[in-house]
Amino acid sequence: MAVHDLKRYQAVVRRVRAERGGRCEVCGYPAQHVHHIVPVSETRIHSPLVFAPENMMLLCDWCHALCHPLLRNVSDWKGARRLRGARLIRLR
């Protein structure tokens, strides 16, 4: 991704986070990720969909892991919720 494209993408992500409150759109937990509904692997990096807010979802670690089950050892929503709860308890 070219520098100007990266800056454009970062601006869109900031806007999406501000408009949607910075919370996971699935569970309401603080969101760390912007997930593309139509994957970049399908559209390629220079597609307008990469920059389209309508193609983005804010997700927490666990909900994002459910969108990419091969990247993490989380395969169901209850498991994600349980693991997220355990993580919160460790932070206290």
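The values are calculated or read from the model by the stated rules, or taken from the named source; none is laboratory data. What you see is a predicted model, and the numbers here were worked out from it, not measured in a lab. Cβ placement follows ideal geometry from the backbone for every residue including glycine, while neighbour counts extend to all protein chains displayed.
Looking at (1) under 9 Å from the mean Cα position of the chain (by Cα); (2) among the aliphatic types (A, V, I, L, M); (3) more than 18 Å from R8 (Cβ to Cβ), which one does I37 not meet, given that it meets all the others?
The single condition I37 does not satisfy is (1).
Out of P48, P30, report the one residue that is touching a strand residue (DSSP E or B) at 6+ places or on another chain (Cβ under 7 Å) and exposed (fewer than 13 other Cβ atoms within 10 Å of the Cβ).
P30
Just checking, which of L49, L71 is over 10 Å from the mean Cα position of the chain (by Cα), at pLDDT below 85 and closer than 30 Å to H4 by Cβ?
Of L49, L71, the one residue that is over 10 Å from the mean Cα position of the chain (by Cα), at pLDDT below 85 and closer than 30 Å to H4 by Cβ is L71.
Would you be able to tell me the number of residues in the stretch 36-46 that are over 19 Å from K7 (Cα atoms), in a loop (DSSP other than H, G, I, E, B) and charged (D, E, K, R)?
Residues flagged as over 19 Å from K7 (Cα atoms), in a loop (DSSP other than H, G, I, E, B) and charged (D, E, K, R) within the stretch 36-46 amount to 0.
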